[in-house]
1. Please enumerate the residues belonging to the stretch 263-309 that are part of a loop (DSSP other than H, G, I, E, B) and of a type in the set (S, T, N, Q).
2. Among the listed residues ALA49, ALA76, ALA88, which satisfies the condition of being closer than 19 Å to GLY251 by Cβ, outside the structural domain of GLY251 (by TED's automatic domain parsing) and part of a helix (DSSP H, G or I)?
3. Regarding ILE185, is this residue crowded, with 21+ Cβ neighbours inside 10 Å and farther than 14 Å from LEU65 by Cα?
4. Restrict the check to the stretch 32-45 and report whether at least one residue is of a type outside the set (Phe, Trp, Tyr), in contact with a Pro (Cβ under 7 Å, 6 or more places away or on another chain) and more than 27 Å from SER132 (Cβ to Cβ).
5. Among residues belonging to the stretch 116-139 that are loosely packed, with under 14 Cβ neighbours inside 10 Å and over 28 Å from ARG349 (Cβ atoms), point out the one that is modelled with the lowest pLDDT.
6. Go through the residues of the stretch 234-243 one by one and say whether even a single one is touching a residue at least 60 places away in the same chain (Cβ under 8 Å) and either buried (at least 19 other Cβ atoms within 10 Å of the Cβ) or within 23 Å of TYR110 (Cβ to Cβ) (or both).
7. Of VAL81, VAL51, which residue is of a type in the set (Val, Ile, Thr), modelled with pLDDT of 90 or more and touching a strand residue (DSSP E or B) at 6+ places or on another chain (Cβ under 6 Å)?
8. Would you say VAL81 is touching a helix residue (DSSP H, G or I) at 6+ places or on another chain (Cβ under 7 Å) and outside any helix (DSSP H, G or I)?
Amino acid sequence: MLDQSSDSLETIFQKALAAPKLFRNHDALRSDYVPDHLPFRDDQITSVAQVLSPLLHSSKPSNLLIYGKTGTGKTAATRHVLSKLTTASKNNGIQATFVYSNVRMAGTEYRVLAELAAQTGLSVPFTGLAVSEVLARLQGQIKNKKLHAVFVLDEIDYLVKLFGDRLLYDLTTSSDAIAPGFLSIVGISNDLQFKEELGARVLSRLSEEEIVFPPYTAQELTTILHERAKFAFNSGAYTEAAVNLCAALSGSEHGDARRAVDLLRIAGEVAEREGSKQLDEKHVRIALQKIDQDRISDALKSLPLHAKLVLIAAVKNDSSENKKSSGTIYEHYSGLCKASGIEALTTRRVSGLITELDTLGLVSATLVNYGRYGRTKKVTPQISQDVLRQAFQDDGVVSQLLD
């Protein structure tokens, strides 16, 4: 049995070695790749640079909020500016510290602070301290090292929806605790309504400057993809029609450059796997189907436990129109927690999870205002219970809740 498996793998590897090599620079189509040139973002890049440029004369920049849908170039533009600022600071002997954290990837307030601390040269245990202690140590590091720091919190809305705005308040009101160092916050958010989650005391401090990134048009995506394709593929390894199709599919649906680039990359991988000499439209259509299937499955499997429970509550609660309010979903969610022996989150944090599921396209959540009687979210699932059951079949905690 082992020999058969080895023979099969050897065949796959030999086929891969013999197939035409389409990619010249595979990394050029990765989501974290930052190109030297970002088309159609000159105005936004200029605005970010102008807000942060006071660092070059050792002055504290204003805090900045950057908004825009997924794939509109927010992160790439910000990191591009930070890269140039880092070079300018070093060349001019200016002590500036630029720190980046993706809040969603970090997952918790503790991990966000630990990441920020590590990038300032401060070692923090992986677990075991109170969040307030990690914050105090970070503030002490800024103070003692006299750091002139900019903290970039990508997907900052995720932090607030799950944990509230206390950490942002502490960071934006820490001037006395960190002097003679100083700290500016750059928040990047996919949610244009993110500010509604902030208390007035945080909002006034955090949103000193704001920049909005609009979605790309299909024509703009076409230009972007052709530029990336020149870096990523060997000459003659793709057709112009294939690149145009990637842009058209992404532009008409969402204007998401990140997904358009992913589509082109996966199409190239499909073409190489088939042993094709050239990436064409057929491979793009295969890649699109693969992305759609993988996106939903991966999104479901990677959800935190409580998000899975909220989603199950919403899907199992989809029998009639009057049973879709966030309050009713919370009741069902609490029941699922009790049945699983898990402590339920607060209504505020569950509301944040519903918003997060809406952002992922797994539910549709609409805010309904009842005037003096308050407001609630009306939640409509965008996937079936069968899809959930298939995605969670290997999850011992939640799979039994779908029976």
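The values are calculated or read from the model by the stated rules, or taken from the named source; none is laboratory data. Just so we're clear, the structure is a prediction, and the values are computed from it rather than from any experiment. Using ideal geometry, Cβ is built from the backbone for each residue, glycine included, and neighbour counts are taken over all protein chains shown.
1. Start the filter on the stretch 263-309 by keeping residues that are part of a loop (DSSP other than H, G, I, E, B), which leaves 275-278, 280, 302-304.
The answer is SER276, GLN278, SER302.
2. Working: ALA49 fails: closer than 19 Å to GLY251 by Cβ; ALA88 fails: closer than 19 Å to GLY251 by Cβ.
Checking each option against the conditions leaves just ALA76.
3. Details: crowded, with 21+ Cβ neighbours inside 10 Å: yes; farther than 14 Å from LEU65 by Cα: no.
No: the conditions fail for ILE185.
4. Step one: of the stretch 32-45, the residues of a type outside the set (Phe, Trp, Tyr) are 32, 34-39, 41-45.
Then keep just the ones that are in contact with a Pro (Cβ under 7 Å, 6 or more places away or on another chain); that gives none.
The answer is no, given that none of the residues of the stretch 32-45 is of a type outside the set (Phe, Trp, Tyr), in contact with a Pro (Cβ under 7 Å, 6 or more places away or on another chain) and more than 27 Å from SER132 (Cβ to Cβ).
5. Only one residue fits best here, namely SER123.
6. Residues of the stretch 234-243 that are touching a residue at least 60 places away in the same chain (Cβ under 8 Å), as a first pass: 234, 237-238.
Now narrow it down to the ones that are either buried (at least 19 other Cβ atoms within 10 Å of the Cβ) or within 23 Å of TYR110 (Cβ to Cβ) (or both): 237-238.
Within the stretch 234-243, one or more residues are touching a residue at least 60 places away in the same chain (Cβ under 8 Å) and either buried (at least 19 other Cβ atoms within 10 Å of the Cβ) or within 23 Å of TYR110 (Cβ to Cβ) (or both).
7. Working: VAL81 fails: touching a strand residue (DSSP E or B) at 6+ places or on another chain (Cβ under 6 Å).
Going through VAL81, VAL51 in turn, just one is of a type in the set (Val, Ile, Thr), modelled with pLDDT of 90 or more and touching a strand residue (DSSP E or B) at 6+ places or on another chain (Cβ under 6 Å): VAL51.
8. On the way: touching a helix residue (DSSP H, G or I) at 6+ places or on another chain (Cβ under 7 Å): yes; outside any helix (DSSP H, G or I): no.
It is false that VAL81 is touching a helix residue (DSSP H, G or I) at 6+ places or on another chain (Cβ under 7 Å) and outside any helix (DSSP H, G or I).
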